[in-house]
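Coordinate-derived values only; no laboratory data. Quick caveat, the model's predicted, so the values are computed rather than measured. As a convention, Cβ positions derive from the backbone with ideal geometry for all residues, glycine included, and neighbour counts pool all protein chains shown.
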Amino acid sequence: MLTKDLLRVSRAGGGYHPQFVGEAHRELTAQVIGTYQGHVGESRADLESALTDLERDAPDFKLVRGFAKLLDREATVETRSPLPPERARRAAFEAAEEVGVVSETDRERALSQAADRLATDSTAVETSLYADLEDRQILTDVSTRYDPESLCRQYDLSLAQTALFDATEVRIRSDDPKAVISAVKRLRLMYEIERTETSEGAIANREVVVTGPTTLFRRTRRYGTGFARLLRSVAKTATWRLEATIDDDGTERRLLLTDEDVSVPDHEPVTEVTFDSGVEADFATRFESLGLDWELVREPDPLASGAHVVIPDFAFDYEHADFRVYFEIMGFWTPAYVAKKLDRLADLEDVEMLVAVDETLGVGEADDVDVLSESGAADAEIEARGHRAIPYSGTVRMKDVRDALRRYEDTLVAASAADLPEELAPDGDVTTIAAVAAAHGVSEDAIEDKSFPDHERVGRTLVRPAVLEELAGEIESGMALSDAEALLDDRGIDDASAVLARLDFRVEWQGLGGGTLARREG
């Protein structure tokens with residue numbers, strides 16, 4: 001982006017048209033690049049003076065300043081002085097106070113006295129005094145990757161981004177809507193997806209409608225920057241069309257951009273702010289490490305909601321039944337945006353949805369309502385419409401998600417348990433609760449309260465009484481633990497500690513050499 005004062009637009013015909021550059025501006029871009037390269041080793045003041053000379057001959061001084069703004073991001077400036085400027089100033093000001101400077105002679109005496117204290121000469125002190133001021137800093141490197149053509153392309157992109165900063169809404173259509181939607185989600189912008197009646201050539205019949213910065217009462221730079229950066233992702237698709245509604249100091253104007261207007265340079269600027277899907281990625285990593293009875297599905301299939309499309313961030317598939325819960329992690333939001341989002345969800349029949357709302361990203365519409373109170377209202381609104389609300393701040397807490405899913409599990413487990421008989425009779429002499437649950441296609445919780453008349457439950461293992469009797473006759477006090485474990489393993493028993501405890505044995509450990517069995521006392 002450029003700064004607002006460098007925006008160049010035409011309002012001809014009531015529109016809002018960024019003034020892009022063309023072939024005629026290639027020479028000017030080459031001059032600006034050359035000016036930077038030619039002033040390596042010189043002061044910032046000298047560079048600015050040379051750029052001012054260029055502005056006088058340019059068709060628009062904003063062009064030179066715009067090109068310079070982009071090159072500045074890749075320029076390196078340093079403070080060069082014999083002494084650290086702050087140290088030189090401190091010594092000089094202390095000496096000046098002692099001398100009482102009222103004339104040039106007094107000034108020279110103060111500098112000389114400061115130099116003596118710093119073990120240097122007066123010239124070094126005077127040179128260092130204000131060397132850290134911006135106009136006295138030295139341009140040390142301009143490692144620009146731009147040539148005149150790519151600098152023009154970057155300028156056009158940055159100009160369009162700046163123009164979009166005053167948008168109330170943009171409507172985007174592309175031949176790759178998935179990439180656009182992914183970028184919107186990554187930047188955590190407020191959006192809707194509408195289905196259009198027809199496609200336009202390669203452009204798909206989906207229109208992404210994104211809320212602009214000027215719609216928000218609390219205009220945050222973070223949202224505005226993310227909104228402007230969306231254009232870079234859109235412009236990377238092959239064929240696209242963007243229509244924006246611009247608030248031009250109270251006058252509504254229309255801005256239209258296509259793939260013929262803006263493209264992305266081959267080189268990405270290294271100093272621009274970047275965003276990523278850190279919240280979603282962090283959530284996925286932490287959730288999958290829990291080992292719950294839910295499979296996390298990323299980017300589930302879109303859900304049709306009337307003329308709109310809803311694309312949740314995730315879905316949770318229950319492993320023991322054909323049951324899915326969708327999960328949406330909201331980024332920036334207003335109460336109105338939450339309400340509109342829920343209206344879309346309400347149109348979805350037989351769909352379960354969890355919604356996480358970031359308490360730190362509320363950008364409300366009334367100055368007397370703070371973010372936290374708005375978040376509470378949003379939570380209540382979500383709950384009232386039957387969608388579980390999960391408030392969070394920065395990071396979605398796993399406990400909150402686990403508790404929300406547990407509500408569904410309780411119902412699913414109860415249904416599974418009701419379909420099973422009260423008594424279960426596994427075929428094997430030895431089996432486990434997990435194996436029985438898997439055989440019936442239910443969770444372990446569904447059979448927790450069932451009885452097993454032919455088996456005795458030992459920990460999570462089911463063992464026929466006859467097997468326990470045989471083991472009681474084979475295992476004796478003083479036997480090596482490894483030998484006892486071998487006997488249990490022969491019968492398919494993995495939980496040695498639970499079975500040995502059932503047979504009234506304990507283990508007497510002998511360091512790293514293992515242990516022997518002893519009868520429990522009492």
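Between the residues Ala91, Thr76, Pro59, the greatest Cα displacement towards the positive end of the dipole of segment 42-91, with unit charges on the Cβ of Lys, Arg, Asp and Glu, is found for Ala91.
Calculate how many DSSP beta bridges within the chain are antiparallel, expressed in % of all such bridges and rounded to the nearest 5.
80
Shape verdict for the chain, please, from the Cα gyration tensor: rounded (a/c under 1.5), prolate (a/b greater than b/c) or oblate. Taking the square roots of the gyration eigenvalues as a ≥ b ≥ c, the chain is oblate.
For segment 430-519, the square roots a ≥ b ≥ c of the C-alpha gyration tensor eigenvalues yield an a/c of 1.5 or more together with a/b exceeding b/c, which makes the shape prolate. Annotation for segment 2-52 versus segment 120-149: alpha-carbon center distance of 22 Å. Lysine pair count for the chain with Cα-Cα distance under 24 Å and sequence separation of 8 or more or different chains is 10.
Each Lys and Arg adds +1 at its Cβ and each Asp and Glu adds -1 at its Cβ; summed about the Cα centre, the chain shows a dipole of about 1760 debye.
The fewest-to-most ranking of Leu133, Leu7, Leu47 by surrounding Cβ atoms within 10 Å reads Leu133, Leu7, Leu47.
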